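Report on the structure given below.
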Number of protein chains: 2
Amino acid sequence: MENNLNVWRAKEDITQGELAEAVDVSRQTINAIERGRYDPSLELAFKLADYFECSIEDIFEYDPTGSSDE
Amino acid sequence: MENNLNVWRAKEDITQGELAEAVDVSRQTINAIERGRYDPSLELAFKLADYFECSIEDIFEYDPTGSSDE
DNA sequence: TCAAAGAGGAAAGCATACTTTACATAATGG
DNA sequence: CCATTATGTAAAGTATGCTTTCCTCTTTGA
């Protein structure tokens, strides 16, 4: 799974902490997702898409070949 | 979080077991999601949307008011 | 010079998604 | 009547998402 959360965040010019507060998770959770340490829950994905007013698919790209980091 | 996975499944006329195999999870996982016992991971949500050739938002509806069962 | 605040990053533990195994019920058809 | 198929449920264990705490680096300002 890939994501361009940092790009969306840069567009809005907000910090990880601000985004974290907006979607009600810890700052470290946003950090971990941007760094690719893990994928968010479906709920958090919805919250992020809601915040940026886009679809989940606009932020996250699922790679069916799926070797987690290729 | 609400979903109409059973409707999509009915459209394709497949069993929980068949869907489970198609998206590579256990039958109980599909069952649990349909029954609302928990939400799928983002990865599984992508696999399901892929399978039904629709968007995640077509299957799952996030309720921001969020009291889990209202 | 250095204390404080702002930004990002990582480890350990807690919460939740998922699996395996097992059992129960209803519907179908020999 | 009995075997099979589809669904629902549950308990125990594993994997993964998330929080809390701590650390580093940079910037600011007295």
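Structure notes:
- Between copies, the label points of residue B:27, set 7 Å from Cα on the Cα→Cβ line, lie 4.9 nm apart, reported in increasing order to one decimal in nanometres.
- Dipole axis of chain B (+1 Lys, Arg; -1 Asp, Glu on Cβ), positive-most option in B:16, B:51, B:1: B:16
- The aspartates and glutamates within cross-link reach of residue A:11, meaning a Cα-to-Cα straight distance under 16 Å and a gap of 8 or more places when in the same chain, are A:34, A:50, A:53, A:58.
- If you run the Gaussian network model on chain B, springs between alpha carbon atoms under 10 Å, then out of B:18, B:53, B:34 the most flexible one is B:53.
- Distances in nm from residue A:65 to the matching label points in the other copies, shortest first (labels 7 Å along Cα to Cβ): 4.5
- Mean separation of Cα contacts under 8 Å, 6 or more apart, over the residue count of chain B: relative contact order %: 42
- In a simple Cβ point-charge model (Lys, Arg +1; Asp, Glu -1; nothing else charged), chain B has a dipole of about 280 debye relative to its Cα centre.
- Label geometry 7 Å along the beta-carbon vector: residue B:11 inter-copy distances in nm: 2.7
All of the numbers you see were taken from the coordinates with simple rules; none came from a lab. These numbers come from a predicted model, not from an experiment. Here the Cβ is made from the backbone with ideal geometry for all residues, glycine too, and neighbour counts use every protein chain on show.
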